[in-house]
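Below is one structure, written out as structure tokens; the observations come after it.
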Amino acid sequence: SSVPVLHATPGSFVVHSNNRNNGPQMQRSFEKVNPTYAAGTCSGRTAPSPEHLNKMRPGGSLSSQWTLIEQNPNVSAAHFYDPLEGLDPNEDHHVMVCFGGSLTPSRQSNAPYRGLDDSYSNRYCSRGSVDRDTDGVPTGVTVTTSSETCDHYSAEEVAQIPKMADHIKAAVEFLGKDEDGFFLMYEQGDIDWAAHANHMDDMLGAMFDISDSVDVMLDWIYANGGWEKNALYVTADHDHYLTLHNNFPEVVANFLIDGESHKVTPQNNSNVNPWSVGVAAGRHEDDSKTTTEHIKDFATWTEEDIQNVAHFWGAFGSGGNGWGSHSTRPVPISYNGDDGCLKALEGHGYQVLGRPVEGSPGKVDQV
């Protein structure tokens, strides 16, 4: 994963927990599940416990089974995966990969954002502060984003961390040795993180990451039995209520041509969730305005911003960056090698706590 290894989607595959915020429970479960391979940023409660990682290090009680690969300022990205040489899942070798978090000076919890221009630099670091009245009730949001661009990670840190496609290449080459085959879940989780921040520049770079990584998977599949022996599914777990204007491709192209790709995210972006602020202000109980009008009170883009970047987040009229969360809109899935399994699930219902829930025609419920 490009985000913490026990966070949300990746965590749901390698731990068993009834609460995504229960770090100790997830860490204990991860140790018990004992997956063959896990990789992502290692930060706080959504990473394996320090005690568990210590057991994997040379001399630790798990060091004969586990190999721990960690970001190191003395090791370049080109040599990051050298420790995989000679390891084989058929011999019960397990691999834990950690980068970012406490291992890097910037202490970021996701992989480096590469941005629309693929430079890993030259981005707006969106910031804002919540305005409050004398009673502490939120009344608005003030943008504090600097006009000077900034870096997500320093150039020195970027040089230590493999690109996501290289992480995926290492994973499929190691797991591909398994004589029984393998299942790999890969998540480009910072697409979601960038969308929560209404940050198109960061999000497009993260989408380039998943595009490159899917290409790596496809190359491996074509070289290892094709679709008769492999299946691949590419999807999302939710939508983010993004609307693109018809001229969005032209706007993006012009920003790139002019060397100003960071401006695809307006400087007026606040990275403050207007929904959360609105609820904190009690607007969900105020019927004097529509929901859209309430949200707009805490959005910070101008109408000119929306026209300049040719997109907006949230409902029309909610202010451009008037969202910052998920939506219930269906998401697409692209796949091959499935042999009819997914098609057979279309429209099927499911049960929640023993109660039947009707399926939706032409769709597959993710539960």
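Which count do you get for residues in segment 323-367 that are assigned to a strand (DSSP E or B), of a type in the set (A, V, I, L, M, F, W, C) and modelled with pLDDT of 90 or more? Full working, then the answer.
Of the residues in segment 323-367, the ones assigned to a strand (DSSP E or B) are 327, 333-336, 350-352, 355-357.
This time we only want the ones that are of a type in the set (A, V, I, L, M, F, W, C), so: 333, 352, 357.
Now restrict to residues that are modelled with pLDDT of 90 or more: 333, 357.
Looking only at that region, the number is 2.
Is it the case that segment 107-115 has a residue that's open to solvent by 50 Å² or more (accessible area, probe 1.4 Å), assigned to a loop (DSSP other than H, G, I, E, B) and more than 24 Å from Pro50 (Cα to Cα)?
Of the residues in segment 107-115, the ones open to solvent by 50 Å² or more (accessible area, probe 1.4 Å) are 107-108.
With the extra rule that they be assigned to a loop (DSSP other than H, G, I, E, B), the set shrinks to 107-108.
Next, only the ones that are more than 24 Å from Pro50 (Cα to Cα) stay: none.
No, segment 107-115 has no match at all.
Would you please list the contacts, defined by Cβ atoms under 9 Å and residues six or more apart or on different chains, that run from a residue in segment 290-306 that is surrounded by 19 or more Cβ atoms within 10 Å (Cβ to Cβ) to a residue that is of a type in the set (D, E, K, R) and not in a loop (DSSP other than H, G, I, E, B)?
His294/Arg283; Ile295/Arg283; Asp297/Arg283; Phe298/Arg283
Among (1) open to solvent by less than 50 Å² (accessible area, probe 1.4 Å); (2) farther than 27 Å from Ile210 by Cβ; (3) within 25 Å of the chain's Cα centre (by Cα), there is one condition Pro73 misses while meeting the rest; what is its number?
It is condition (1) that Pro73 fails.
Pull out all pairs, ordered by first then second residue, where Cβ-Cβ is under 9 Å, the residues are six or more apart or on different chains, the first lies in segment 208-225 and is in contact (Cβ under 8 Å) with a residue 60 or more places away in the chain, and the second is surrounded by fewer than 17 Cβ atoms within 10 Å (Cβ to Cβ) and in a helix (DSSP H, G or I).
Ile221/Trp227; Ile221/Lys229
Restricting to segment 301-322, count the residues that are more than 23 Å from Asn273 (Cβ to Cβ) and either part of a loop (DSSP other than H, G, I, E, B) or β-branched (Val, Ile, Thr) (or both). Even if it seems obvious, please write down each step before you answer.
Taking segment 301-322 and keeping what is more than 23 Å from Asn273 (Cβ to Cβ), we get 307.
Subset that is either part of a loop (DSSP other than H, G, I, E, B) or β-branched (Val, Ile, Thr) (or both): none.
The number of residues fulfilling the criteria is 0.
Which of (1) among the aromatic types (Phe, Trp, Tyr); (2) open to solvent by less than 50 Å² (accessible area, probe 1.4 Å); (3) part of a strand (DSSP E or B); (4) more than 16 Å from Asn198 (Cβ to Cβ) does Phe255 not meet, given it meets every other one?
Tallying (1) among the aromatic types (Phe, Trp, Tyr); (2) open to solvent by less than 50 Å² (accessible area, probe 1.4 Å); (3) part of a strand (DSSP E or B); (4) more than 16 Å from Asn198 (Cβ to Cβ), Phe255 fails exactly one: (3).
Only one of these is free of Cβ contacts under 8 Å to residues at least 60 places away in the same chain, charged (D, E, K, R) and closer than 26 Å to Thr265 by Cβ: Asp151, Asp180. Name it.
On the way: Asp180 fails: closer than 26 Å to Thr265 by Cβ.
Being free of Cβ contacts under 8 Å to residues at least 60 places away in the same chain, charged (D, E, K, R) and closer than 26 Å to Thr265 by Cβ holds for just one of Asp151, Asp180, which is Asp151.
State the number of residues belonging to segment 211-252 that are at negative phi, surrounded by fewer than 16 Cβ atoms within 10 Å (Cβ to Cβ) and in a helix (DSSP H, G or I).
The number of residues fulfilling the criteria is 12.
Here is a list: Ala165, Ala171. Which entry is closer than 24 Å to Ser102 by Cα and either touching a Leu at 6+ places or on another chain (Cβ under 7 Å) or aromatic (Phe, Trp, Tyr) (or both)?
Just one listed residue meets the conditions, Ala171.
Give me the residue from segment 332-363 that is open to solvent by 60 Å² or more (accessible area, probe 1.4 Å) and in contact with a Leu (Cβ under 9 Å, 6 or more places away or on another chain) and, out of that set, nearest to Asn230 (Cα to Cα).
Out of the qualifying residues, it is Asn336.
Residues in segment 173-210 that are outside any loop (DSSP other than H, G, I, E, B), within 30 Å of Asn90 (Cα to Cα) and either open to solvent by 50 Å² or more (accessible area, probe 1.4 Å) or touching a Lys or Arg at 6+ places or on another chain (Cβ under 7 Å) (or both): how many? Working first, answer last.
Filtering segment 173-210 for residues outside any loop (DSSP other than H, G, I, E, B) gives 173-175, 190-196, 200-210.
Next cut, within 30 Å of Asn90 (Cα to Cα) only: 173-175, 209-210.
Still in the list and also either open to solvent by 50 Å² or more (accessible area, probe 1.4 Å) or touching a Lys or Arg at 6+ places or on another chain (Cβ under 7 Å) (or both): 173, 209.
The qualifying residues number 2.
Out of all the residues in segment 276-289, which are among the hydrophobic types (A, V, I, L, M, F, W, C) and either in a loop (DSSP other than H, G, I, E, B) or surrounded by 21 or more Cβ atoms within 10 Å (Cβ to Cβ) (or both)?
Taking segment 276-289 as the starting set, the residues that turn out to be among the hydrophobic types (A, V, I, L, M, F, W, C) are 277, 279-281.
Selection gives Val277, Ala281.
Of everything in segment 260-275, what is part of a loop (DSSP other than H, G, I, E, B) and open to solvent by less than 50 Å² (accessible area, probe 1.4 Å)? Give them in sequence order. Reasoning before the result, please.
The first filter runs over segment 260-275 and keeps only residues part of a loop (DSSP other than H, G, I, E, B), leaving 260, 265-273.
Thr265, Pro266, Asn269, Ser270, Val272, Asn273, listed by residue number.
Of all residues in segment 1-45, which are more than 19 Å from the chain's Cα centre (by Cα), assigned to a loop (DSSP other than H, G, I, E, B) and under 18 Å from Val97 (Cα atoms)?
Scanning segment 1-45 gives Asn34, Pro35, Thr36.
The values are calculated or read from the model by the stated rules, or taken from the named source; none is laboratory data. Being a predicted model, the structure only gives us computed values, none of them experimental. Ideal geometry is used to build each Cβ from the backbone, glycine not excepted, and the neighbour counts take in all protein chains shown. Just the protein is used for accessible areas: all its heavy atoms, side chains included, with ligands, DNA and RNA removed. Shrake-Rupley method; radii C 1.70, N 1.55, O 1.52, S 1.80 Å.
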